[in-house]
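Since every read-out is calculated from the coordinates, none of them should be taken as a lab result. As the structure is a prediction and not an experimental result, all values here were calculated from the model. Positions of Cβ are backbone-derived with ideal geometry, glycine not excepted, and every protein chain shown enters the neighbour counts.
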Amino acid sequence: MDRVLDESIWHLEESITILQDSLATLNKNSQETNYLSKKMLQCHTQHLLATEFDMERATKDLNEEIDPITKSLQDHLTKQLERIQRDVNKLEEKYKKNQAMLEEDASRNDRNSLTTPRLSTPDVMMGPLSDDQFSELKRLTAEIQAKKTELEGL
C-alpha cells in the first residue's frame, strides 16, 4: 500500500512539474509575441513592409483572439495545478494517517505478543480510509483495547 501511495504522489508531483513548465512556456511565448508585434509595428513605420490595414487587423486579432485564448489556457492550467496540489496534500495526509495507524497497530501487536500467545490470523489488506472511517476505526480500536484490559482484569 505504501508503494502505491508513493507512486501516486510521485505521479502527481510529476504532473505538477509538467503543468508548471507549461505555464512558464505560455508566459514566455506570449512575451515573445508581444515583442514581435511591437517590432513589426516599428518596421511598418520605418520601412512600410505592410499596409496600415494589415497591421491594424493583426493587432486587433492579437488583442481579441490570441491574448484571450492564452489567458484562458493559463487560467485553466493554474486551476488544474491548484487542484492537483490539493490532491497531493490530501494524499500526503492520508499517507501520514495510515502510517500512524500501521505503527500503532504494530506496537499494539508487539505488546500483545509479549503478554499472550499470538493467534494466527490472516493478513487483511485495506484500501485508503476516509476521515470518518479512520476516526471510527480509532474509536473501535480503543473500545477493543478497553475490553481486552477489562477481560485481563477478570
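Going by how many other Cβ atoms sit within 10 Å of their own, how do Ile84, Ile66 line up, fewest first?
Working: Ile84 17, Ile66 14.
Placing the least packed residue first, the sequence is Ile66, Ile84.
Residues with beta-carbon under 12 Å from that of Gln85, excluding Gln85: net charge, scoring Lys, Arg +1 and Asp, Glu -1?
It works out to a net charge of 0.
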Name the lysines eligible as straight-distance cross-link partners of Lys148: C-alpha to C-alpha under 28 Å, and not fewer than 8 places from it in the same chain.
Lys96, Lys97, Lys138
Work out, step by step, the length gained on full extension between Thr78 and Lys138: first 0.36 nm times the residue separation, then minus their alpha carbon distance; give nm to one decimal.
17.9 nm
